[in-house]
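The values are calculated or read from the model by the stated rules, or taken from the named source; none is laboratory data. Source: prediction; values computed, not measured. Backbone-built Cβ (ideal geometry, glycine too); neighbour counts: all protein chains shown. The area values use the complete protein model at the heavy-atom level, side chains included, leaving out ligands, DNA and RNA. Shrake-Rupley method; radii C 1.70, N 1.55, O 1.52, S 1.80 Å.
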Amino acid sequence: MIATKGYAAQNPTAQLQPFNFNRREVGPHDVRIEIAFCGVCHSDLHQVRDEWGGSIYPMVPGHEIVGRISKVGSAVTKFKAGDLAGVGCFVDSCRVCESCRMGNEQYCEAGMAGTYNGYEMDKKTPTYGGYSNCIVVDENYTLRISEKLPLAAVAPLLCAGITTYSPLRHWKVGAGQRVAVVGLGGLGHMAVKFAVSFGASVTVLSSSPGKEADAKKLGAHHFVNTRDKIASKQVRKSFDFILDTVSAQHDLNFYLSLLKTDGTMVMVGIPPQAEPVDAFSLIGKRKTLAGSMIGGIRETQEMLDYCAENKIVSDIELIPIQQIEQAYQRMAKGDVRYRFVIDMATL
Ligand code: NAP
Ligand code: ZN
Ligand code: ZN
C-alpha cells in the first residue's frame, strides 16, 4: 500500500481537513503520478455538500489532476517515469460495452469508476481524488500532457476543458454559427475559448455584469447581462447553439427562447434542483434540448493536444490547499476567475 496525504470531507457540513489514506501499489498496468496541481470544479462542491444525493464519505475530491509520473508498472507501454500526465473524471470503466468500445467510457453501461466519490470497477473499493499528493491509475485512463504549456493552467482542461470541448465538437460548432455560453465560470470560460477558436460568433450570457470586460478578453464577441430584461429580449431567436454551464437553478424556458429555428441547447451544468421545461419552448421552432457529460479518453487526449497546438489553457487563481473552503465560498457566489487550482506542494 502507498501511504497518501490528502484533504477530505467527512460529511456534507464539515470543512475539508487533512486526511491520510492508502492507495494500491503500482500494478503491471498502472502508473503512479506525483500530483503537482488539481483544479477545483463546481462538481467538487456539489458532491462535498451532497447536493446531488448519494455522496460517499470520507470524500477526497478532485478530478482535474496533473503531475509527473514517478513509477510505471511492468506492462506499461505508453508512459515512463518523468513524463507529465493527467487524470480526469474517471479512472476505469468496463472496457467491453458498446460505449467503452466506441471510446465513450464516460457513458459506460456498467458505470464508470469516478475518480472520487465512487468505487473501482469491483464496486466496493472507494476511489479518492486529486486533493492529494499522489494517485495510482491504469495507463489506459491516464492522459499525456504537453511540456509546452504552464502546468497549473492545464489542470482544468481535464474536466472543464473536455466537458465544453466535447459538445462543441459533437454538435459541430464552427464558423458561420451564433453560439451563446450561459454562465462565465470554470466551464463557461473554457467554452468561450473553444467556440472562438472553432470560428463561431460567441455571446456570453451572464448574470454578473462585472464579467463583461473579462468575457471580451477571453475572445467573446458579445456580452448580455441576463438580469437586464431589455438586453435579454434583444437576443431572442438569435442563437444556433447554446451551451448552458449554470450550476444553480435558472429558467430553461427563457434560455430556450433565445434559440433560432432548429437550434440546440446543451446542458452541461448540473443544478441540484429539477427545472421544468414547457413543451411550447421546444415545438414552435423544432428546437432540441440535450445534455453532455465530460468526454472519453480518446477525445480528452485530442482536446489536450489541440490545446497544446493552439496554446489554450485555463485562466486560473492558484491557491494553497488550506484555502479550499474560501475558494468554495467564492465559487458558490459565482465569484471564480475563472478556475481555482490547488498547488499540491502546499499539502
Ligand atoms: P462555476 O465555475 O461555479 O461556474 C458556474 C457559473 O454559473 C457561475 O460562474 C455563474 O456565471 C453561473 N451561475 C451561478 N449561479 C447562477 C444563477 N443562479 N443563475 C444564473 N447563472 C448562475 O462552475 P463550473 O465548475 O463551471 O461548473 C458548472 C456546472 O457544470 C456545475 O453544476 C458542475 O457540477 C457542472 N459540471 C458538469 C460536467 C459535465 O460533465 N456535464 C462537468 C463538470 C462540471 P455568471 O456569473 O456568468 O452568471
Ligand atoms: Zn468537474
Ligand atoms: Zn463500459
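Observations on the model:
- Helices (runs of 4 or more DSSP H) lying entirely in the stretch 257-335 (those with 2 or more residues that are among the acidic types (Asp, Glu)): 297-310
Let's see how each residue does on (1) within 16 Å of ligand 2 (Cβ to nearest atom); (2) in contact (Cβ under 8 Å) with a residue 40 or more places away in the chain; (3) hydrophobic (A, V, I, L, M, F, W, C):
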residue: 182; (1), (2), (3): no, yes, yes
residue: 197; (1), (2), (3): no, yes, no
residue: 200; (1), (2), (3): no, yes, yes
residue: 235; (1), (2), (3): no, yes, yes
residue: 243; (1), (2), (3): yes, yes, yes
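- Selection within the stretch 54-95 - away from ligand 2 (no atom under 16 Å from the Cβ) and either of a type in the set (A, V, I, L, M) or closer than 18 Å to residue 332 by Cβ (or both): 56, 69, 72, 75, 76, 81, 84, 85
- Scanning the stretch 183-204 for residues that are of a type in the set (Ser, Thr, Tyr) and open to solvent by less than 10 Å² (accessible area, probe 1.4 Å) turns up just one, 203.
- Residue under evaluation residue 191, criteria (1) modelled with pLDDT of 95 or more; (2) more than 23 Å from residue 157 (Cβ to Cβ), criterion not met: (2)
Condition check ((1) within 16 Å of ligand 1 (Cβ to nearest atom); (2) farther than 25 Å from residue 320 by Cβ; (3) open to solvent by 60 Å² or more (accessible area, probe 1.4 Å)) across all residues:
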{"position": "2", "(1), (2), (3)": "no, no, no"}
{"position": "7", "(1), (2), (3)": "no, no, no"}
{"position": "20", "(1), (2), (3)": "no, no, yes"}
{"position": "36", "(1), (2), (3)": "no, no, no"}
{"position": "60", "(1), (2), (3)": "no, no, no"}
{"position": "73", "(1), (2), (3)": "no, yes, no"}
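- Per the conditions (1) assigned to a helix (DSSP H, G or I); (2) closer than 20 Å to residue 86 by Cβ, the sole criterion not satisfied by residue 188 is (2).
- Scanning the stretch 219-234 for residues that are in a loop (DSSP other than H, G, I, E, B) and farther than 13 Å from residue 206 by Cα yields 219, 221.
- Candidate set: the stretch 100-110, residues that are assigned to a helix (DSSP H, G or I) and open to solvent by less than 20 Å² (accessible area, probe 1.4 Å); chosen: the one nearest to ligand 2 (Cβ to nearest atom): 106
- Filtering the stretch 148-166 to residues that are surrounded by fewer than 24 Cβ atoms within 10 Å (Cβ to Cβ) and touching a strand residue (DSSP E or B) at 6+ places or on another chain (Cβ under 6 Å) leaves 151, 152, 153.
- Within the stretch 286-314, residues that are open to solvent by 60 Å² or more (accessible area, probe 1.4 Å) and of a type outside the set (Ser, Thr, Tyr) have Cβ atoms under 7 Å from residues that are in a strand (DSSP E or B) and away from ligand 1 (no atom under 16 Å from the Cβ) in these pairs: 286/261; 286/262, counting only partners at least 6 apart in sequence or on another chain.
- Hits in the stretch 111-147 (condition: on the phi > 0 side of the Ramachandran plot, without any contact (Cβ under 8 Å) to a residue 24 or more places away in the chain and crowded, with 20+ Cβ neighbours inside 10 Å): none
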